[in-house]
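These notes concern the structure reproduced below.
The values are calculated or read from the model by the stated rules, or taken from the named source; none is laboratory data. What you see is a predicted model, and the numbers here were worked out from it, not measured in a lab. Quick reminder, even Gly has a Cβ in these numbers, built from the backbone with ideal geometry, and neighbours come from all protein chains shown.
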Amino acid sequence: MWFFRSPQIVFGEDSASFISTLDIKRAAIVTDRNLLRTDIPGRVQKALPKGAESLMVGDVSEEPPLSEMTANLQRIRDFSPDWFVGVGGGSAIDTAKILFCLYERPDLTVYDITPLVNLGLRKRSRLMAVPTTSGTGSECTWAAVLSVEGEKRKHELASPEVLPDYAILDPTFVVSLPLEQTRNTASDAVAHAVEAYGSTWRNPFSDAMAEKALELVMDGAEGVINDPENLELRNQVHIGASMAGLAFSNSQIGLVHALGHAWGARFKTPHGKAVALFLPHVARFNDDACPERYDRLNRIVPEKYRDAKLADSLESFMGAIRQARSGKEAGVDRGAFLSSLDSLVASASESTGMVTNPKDSGSTDLRNLLLEAYGAD
């Protein structure tokens, strides 16, 4: 028996106005430091129903540790919200998920958040996500990622109960997204689609989402980078990124994310850039385990990027959007990389992506993929 899980998705221009129709009395708006300098959190605040009170929690950094994610928990408990609204990229939305859990269940720790336990959430509040990037997919997933305090690794937690009730996909919220974040989050969305399609837990529903996501994101990403204020293309990529989130949330990730999480935690490389380093190499590694599926996915790749093999097509796409093609190009010192190689292998080995990747791998395989992704000296 399988389940396909999704929030209720509201999409298109002015979709944020839907927020005013909800029964919201007290909203905790969770966002990040950079967004707090823009008008976006204020726009969400103004979209609340008339008379609704709000608490702005706006000090989330990129890929924060747990202590930072929960720093405002007592303020939130004192405020007693009936809604949590995560506004931002994956870090802000994941923080909203964790705060929602710990507010609902003060007796829990984050390590109690697991698919195997009925948490009994939504007794006091509900959860909404308003993504301001097009790629993490967190608004459509039942997972959250946090950086482990004092260690250069990440922890992945999951429960169907942290899936947002609503995901608001308003393209006007991503028009001002900087080009580097546009590039990185598009790369992440493509990785989600490819990994979902190859996952050993794939299913017809996740396949459909992955195929359409790949088509929409790869067809629109380069155009968005060249014409950032093109609202039609922004909307296309924004929707495609959420479809990619639905795809991997209902199947699973693989080696790309296992390696990308390890790399990002070690070198503070933005997540989308980190997974982009590994995607073509892992696709080449996996090819003999699922050649027919990769060939079918490759036929969906826009013709201008398409090559004989999916891995080559992915390399072509990453080049077209001017993504870093090697660890060296991403700014990681070779000596630092080589001295971290053993710990990177160990960290990647702990990921759930090792279980659902279409091809089994061992430490030697992980090491070789890391060396390939770093590139020649």
Looking only at segment 28-52, which residues are over 22 Å from residue 137 (Cα atoms) and either buried (at least 20 other Cβ atoms within 10 Å of the Cβ) or outside the structural domain of residue 82 (by TED's automatic domain parsing) (or both)?
47, 48
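For residues that are outside any helix (DSSP H, G or I) and either in contact with a Leu (Cβ under 6 Å, 6 or more places away or on another chain) or crowded, with 20+ Cβ neighbours inside 10 Å (or both), tally how many sit in segment 343-360.
Residues of segment 343-360 outside any helix (DSSP H, G or I): 350-352, 357-360.
This time we only want the ones that are either in contact with a Leu (Cβ under 6 Å, 6 or more places away or on another chain) or crowded, with 20+ Cβ neighbours inside 10 Å (or both), so: 351, 357-358.
Of the residues in that region, 3 qualify.
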Number of the exception - residue 339 against (1) farther than 20 Å from residue 270 by Cβ; (2) among the polar types (S, T, N, Q); (3) in contact with a helix residue (DSSP H, G or I) (Cβ under 9 Å, 6 or more places away or on another chain):
(3)
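Condition (residue is free of Cβ contacts under 8 Å to residues at least 24 places away in the same chain, in a helix (DSSP H, G or I), assigned by TED's automatic domain parsing to the domain that holds residue 135 and not charged (D, E, K, R)) applied to segment 2-23: is it met by at least one residue?
Step one: list which residues in segment 2-23 are free of Cβ contacts under 8 Å to residues at least 24 places away in the same chain, which gives none.
No.
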Can you tell me which residues in segment 86-98 are touching a helix residue (DSSP H, G or I) at 6+ places or on another chain (Cβ under 6 Å) and either at pLDDT below 90 or among the hydrophobic types (A, V, I, L, M, F, W, C) (or both)?
87, 93, 98
Conditions (1) crowded, with 24+ Cβ neighbours inside 10 Å; (2) more than 22 Å from residue 189 (Cβ to Cβ); number of the one not met by residue 86:
(2)
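Could you check segment 275-342 for helices (runs of 4 or more DSSP H) lying wholly inside it with 2 or more residues that are within 22 Å of residue 183 (Cα to Cα), in the same structural domain as residue 261 (by TED's automatic domain parsing) and in contact (Cβ under 8 Å) with a residue 60 or more places away in the chain?
Numbers: elements: 291-298, 310-320, 334-339.
Once the helices (runs of 4 or more DSSP H) in segment 275-342 are filtered for at least 2 residues that are within 22 Å of residue 183 (Cα to Cα), in the same structural domain as residue 261 (by TED's automatic domain parsing) and in contact (Cβ under 8 Å) with a residue 60 or more places away in the chain, what remains is 310-320.
Those residues that are over 22 Å from residue 168 (Cα atoms), outside any loop (DSSP other than H, G, I, E, B) and under 23 Å from the mean Cα position of the chain (by Cα), I need them from segment 70-102; list them, please. Give the derivation first.
If we filter segment 70-102 for residues that are over 22 Å from residue 168 (Cα atoms), which is where we start, we get 70-80, 102.
When the remaining residues are screened for being outside any loop (DSSP other than H, G, I, E, B), the result is 73-79, 102.
Scanning segment 70-102 gives a single hit, 102.
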Pairs returned, first residue in segment 348-366 that is farther than 19 Å from residue 266 by Cα, second residue that is among the aliphatic types (A, V, I, L, M) and at pLDDT 95 or above, beta-carbon separation under 6 angstrom, 6 or more apart or interchain, are 357/255; 358/289; 359/289
For residues in segment 1-27 being of a type in the set (A, V, I, L, M) and surrounded by 13 or more Cβ atoms within 10 Å (Cβ to Cβ), which is nearest to residue 132 (Cα to Cα)?
16
